[in-house]
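Contents: one structure, followed by commentary.
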Amino acid sequence: MRNFPIVTLPLQTKARNQMLEITDHVQRLVVQNEIQSGIAIVCVPHTTAAITINENADPDVKHDMLEKLATLIPKQENYYRHGEGNSDSHVKTSLVGNSVTVVIENGKLVLGTWQGIQFCEFDGPRQRKYLVKLVSFDRPPVD
Ligand code: ZN
C-alpha cells in the first residue's frame, strides 16, 4: 500500500447554491500519481458545502436537485437561531455529506457512465477548496 500526501484543490463558486463537477480534476491526480489500483477519498473542509456523486450529463438534474433541497430546507424558518442566517446551508451540507470514496481500477476512477463527482455549494458564491487523499494498492516501484 502506498500513501500519498493530501492534495488541496481550490474552487470558485458562482451562486449561493451550485453543483460543480470535479471528476476530471480527481482523475488527473490519479494519472499524475500513476495509480493503477487504489482509492480516492474526496472531502470538503467546509460547514456549508458538501460533496456527492450524481448525474454528469443532464444539467437539469442538478437544477432539480437544488430546487428540491431548497423546497425541503427553506432559507427562512421562524425557529432558526443561528445568527449568520445560513442555517439552511448547514442542514443541506450535513444531509448531502462531506466526503465520497471512489475506487480506482486500471488507472481510472470507477464511476458509472452518468456518474460524476459533484462539489455542492450551499452558501456561495465563495472561494472554496476540496481535499483529495489517494491510496495506492500497487506494488511500490523497484529502484
Ligand atoms: Zn453559519
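Read the figures in this text as sums done on the coordinates, not as results from a lab. Since the structure is predicted, the reported quantities are computational estimates derived from the model, not experimental observations. With ideal geometry, Cβ positions are generated from the backbone for all residues, glycine too; neighbour counts draw on all protein chains shown.
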Which log10 I(q)/I(0) values does the chain give at q = 0.18 Å⁻¹ under the Debye formula, counting every alpha carbon as one identical point scatterer?
-1.00
Which entries of LYS75/LYS133; LYS14/LYS129; LYS92/LYS133; LYS68/LYS133 show an alpha-carbon separation above 22 angstrom in the structure shown?
LYS75/LYS133; LYS92/LYS133; LYS68/LYS133
Net dipole in debye of the range 5-121 [+1 Lys, Arg Cβ; -1 Asp, Glu Cβ; about Cα centre; nearest 20]
260 debye
